[in-house]
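Structure, as structure tokens:
The values are calculated or read from the model by the stated rules, or taken from the named source; none is laboratory data. If you're wondering where the values come from, they're calculated on a predicted model, not measured in any experiment. Neighbour counts run over all protein chains shown; Cβ positions are idealised from the backbone, glycine included.
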Amino acid sequence: MDWYVFTFLTQDGLTTGAIYALIALALVLVFAVTRVILVGQGDFVTLSALTLATLQAGKTPATVWLLLGGASLVCVKMLAAAAREGRLAQAPRILLMQMTLPCVLALVCWLVEPATLPGALKVLLSIVIIAPLGPVLYRLVYQPVAQASVLQLLIISVAIHIAVIGISLWIFGAEGFRTLPFTSGNLDLGEVSISLQSVLVIGIALALIVALYLFFGHTLYGKALRATAFNQRGAQLVGVPTDLAGSHAFLLAAIIGAVSGILIGPITTLYYDSGFLITLKGFVAAIIGGMASYPLAAAGAFLVGLLESFASFWVSAYKEVIVFTLVLPVLLWLSLTTHHVEEEQH
Amino acid sequence: MKKTTALLVTALASATAMADINIGISLSTTGPGASLGIPERNTVALLPKEVGGEKINYIVLDDATDSTAAAKNARKFVDEQRVDLIIASSTVPTSSVVAQIARESRTPQIALAPFAPTGDDKTWVFTVAQTNELMASVLFEHMRANNVKTLGYIGYSDAWGDDWHAVLTSSAEAQGFTVISNERFNRTDSSVAGQALRVNRGEPDAVLIGATGTPAALPHTALRRLGYKGLIYHTHGAANQSFLRIGGSALEGAVLPVGPVVMWNQLPDSHPSKSVAAAYARDYEAAHGEGSLSPFGAYLMDAGLLIERAAAVALQQAEPGTPAFRAALRDALESTRDLAGTHGVYNLSAEDHFGHDERARVLIQVSNHQWELLSAGD
């Protein structure tokens, strides 16, 4: 092990670690607010990267139809609820609120030749297509069962993940995709060369982590979300709309996932089912953070990334075993040091 | 009245079904093997539709690249559909579980993955995919010609990666090279930089990447980014257009053995697979778009051609749907001679249930983002 190998592996580990950190943050966020372990978090990553790859290939991404279909279902559901309660006067408002963005996106994709869009707009379009899928997913699937136990919610998440993988295989096919690099330059520091792409990934990930920290610690809305996470009923009593909190947590998670996809797309080949392994690694990091602490989860993610990178150099055949075994001592430590609090019963 | 009609229809349906030949096909169209299973499923429409005036019914099920599901499919074929032959499956592990059921029920099976049972276990199992030994042998010739003494290896951490590593290490001594590294990665890994670095530091004369399709491009590009200048070999599993698309210019000069069907438009006219492969490739690309051809779909086509020839013989001996027909079909398959398929010429025997010779492999390299024929193997 010399200096060159060390810096190379560290750079590689920090880059993948940054992606895992974003996933871990989203997992902690969604779990804290809604008690859902979002197994499909990694699927937002692959969906956005594959959407961007499709746009870059000059084709219309089918994910926009997925969004349109999902949003329509949400609309039907909300209209049915409104009709049942005799609030049909709200129908136009519901339609306007739920369908404007998906319809505009569908129109853009339908009317504009994707090949003519500038690169930055393609990136933006991919994020804007994937991000609303989060709230759509929440309203369709999780909101009606918001009071279910953590285990039931986890099983639902697994089912959703399998369904999304199926849809994604159908849309994108079984072969992998890679998006165009943002930059191909290298930063030369003596004999060590650091790729600008890695710097960009780590930089944006860190910026997002800081932004989330500021949002939750220093804004009223962030504090309201945190209140929902601590005690849902209590938050309801002081006037926090908890349903909206769930929907917004999913929106944030989807945005984080979509941005991660854009960041990781040029570095590696992504497949319709790559998301699962990414979620699992992020999940290991989230567990290191006790599914509650953002800074610990982020630190855990960088640890997972580094461990994976060094393990792939020394004993590549056992890489996954080593990474996932990391969970055991952490769980042991957590179970010895924390007091178990019975989940709020309903 | 309605009931009697329904009964009549059922009776009629079963009467015709008795005479039809039923083939159960279990493919991995979802899960990790999907890039193999999907082109195979797409090929079902191109298979022979009748033989000797008898209709052939194909029943296609997905096994999700899962051995348990493959076994369940095979049971369904044998117990409920009473099929005359099973084609299964896209990967070695899924093929091997079906083989047990094929043997128990005395139903012939054609595997599309290089699954190689030995002894009595192979009685009912035939394999259309080339053995990895056969494909590796043409690489060894190329290595000798290019004076490769040390070989690095990066492969899947699954059966495909293990088998290729075993083929390399078992023939290394006889071929005069040493395998100096053995790195593994997963299909969906987000980085293989560590493995590539390790291989690169050994400074091998050449590297072989034991992976399939687009995932095979990732170690290749990682090695080139590290400045590795030596030869890079791939396996025949890598040969599809998506691999070229993903790898881009980093793949220039990559050498790999493939079945003749991949090079159908560059094969010499004298190659026995030329016309069969060209016909299949044109039909397939007409239905699924230019550049969609995959060597995996072509395996199913060859299975269909084998069945067409063997069923014509077996039909003279027994009625489809009976144990006697299944046994006759097995015997007829085993005595197939000189059948030109898309992947070479099949000569099966009691000892050899693969039936390939050197005409089943051609050596190609990547040049200007396209395949270029190096030698046609005949």
For residues in region B:108-129 being surrounded by fewer than 23 Cβ atoms within 10 Å (Cβ to Cβ) and in contact with a strand residue (DSSP E or B) (Cβ under 8 Å, 6 or more places away or on another chain), which is farthest from B:THR214 (Cα to Cα)? B:PRO117
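Among the residues of region B:141-154, are any over 20 Å from A:ALA317 (Cα atoms) and acidic (Asp, Glu)? Spell out the reasoning first.
First, the residues of region B:141-154 that are over 20 Å from A:ALA317 (Cα atoms): B:141-150.
So of that shortlist, the ones also acidic (Asp, Glu) come out as B:141.
There is at least one residue in region B:141-154 that is over 20 Å from A:ALA317 (Cα atoms) and acidic (Asp, Glu).
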Mind listing whichever residues of region A:1-19 are in contact (Cβ under 8 Å) with a residue 60 or more places away in the chain, over 14 Å from A:ILE194 (Cα atoms) and more than 9 Å from chain B (Cβ to nearest Cβ)? A:GLY17, A:ALA18
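So if I check each of A:ALA297, A:ALA253, A:ALA301, which one is within 14 Å of chain B (Cβ to nearest Cβ), within 26 Å of A:ILE127 (Cα to Cα) and buried (at least 24 other Cβ atoms within 10 Å of the Cβ)? Before you say what the answer is, go through the steps one by one.
On the way: A:ALA297 fails: within 14 Å of chain B (Cβ to nearest Cβ); A:ALA253 fails: within 14 Å of chain B (Cβ to nearest Cβ).
Going through A:ALA297, A:ALA253, A:ALA301 in turn, the sole match is A:ALA301.
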Criterion first (surrounded by fewer than 23 Cβ atoms within 10 Å (Cβ to Cβ), within 24 Å of B:MET143 (Cβ to Cβ), touching a residue at least 60 places away in the same chain (Cβ under 8 Å) and in the same structural domain as B:SER137 (by TED's automatic domain parsing)) does B:ALA206 satisfy it? yes
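Pick out, from region A:94-200, the helices (runs of 4 or more DSSP H) lying fully within it that include 3 or more residues that are free of Cβ contacts under 8 Å to residues at least 40 places away in the same chain and out of contact with any helix residue (DSSP H, G or I) (no Cβ under 8 Å at 6 or more places or on another chain).
On the way: elements: A:119-130, A:133-137, A:150-172.
So the answer is A:119-130, A:150-172.
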Scope region B:77-107; condition touching a residue at least 60 places away in the same chain (Cβ under 8 Å) and more than 25 Å from B:THR212 (Cβ to Cβ); matching residues: B:ARG82, B:VAL83, B:ASP84, B:LEU85, B:ARG106, B:THR107
From the list A:VAL330, A:VAL284, A:VAL259, A:VAL315, exactly one residue is within 12 Å of another protein chain (Cβ to nearest Cβ) and either of a type in the set (Val, Ile, Thr) or surrounded by fewer than 24 Cβ atoms within 10 Å (Cβ to Cβ) (or both). Which is it? A:VAL315
Being farther than 30 Å from B:GLU40 by Cβ and either modelled with pLDDT of 90 or more or away from chain A (no Cβ under 11 Å) (or both) narrows it down to one of B:GLY237, B:GLY194, B:GLY227, so name that one. B:GLY194
Tell me, please, whether a residue that is farther than 19 Å from B:ALA71 by Cβ and among the β-branched types (Val, Ile, Thr) can be found in region B:158-173. yes
Pick out the one residue from A:THR325, A:THR279 that is of a type outside the set (Phe, Trp, Tyr) and within 14 Å of another protein chain (Cβ to nearest Cβ). A:THR279
In region B:282-293, anything assigned to a helix (DSSP H, G or I) and surrounded by fewer than 21 Cβ atoms within 10 Å (Cβ to Cβ) is listed as B:ARG282, B:ASP283, B:GLU285, B:ALA286, B:ALA287, B:HIS288
A:SER72 fails exactly one of the following numbered conditions: (1) in contact with a Leu (Cβ under 8 Å, 6 or more places away or on another chain); (2) farther than 30 Å from B:SER190 by Cα; (3) touching a residue at least 24 places away in the same chain (Cβ under 8 Å). What is the number of that condition? (1)
If you go through A:SER72, A:SER48, the only one that is among the small types (Gly, Ala, Ser) and at pLDDT 95 or above is A:SER48
Can you name the residue in region A:262-275 that is touching a Ser or Thr at 6+ places or on another chain (Cβ under 8 Å) and hydrophobic (A, V, I, L, M, F, W, C) and, of all such residues, is surrounded by the fewest Cβ atoms within 10 Å (Cβ to Cβ)? A:ILE267
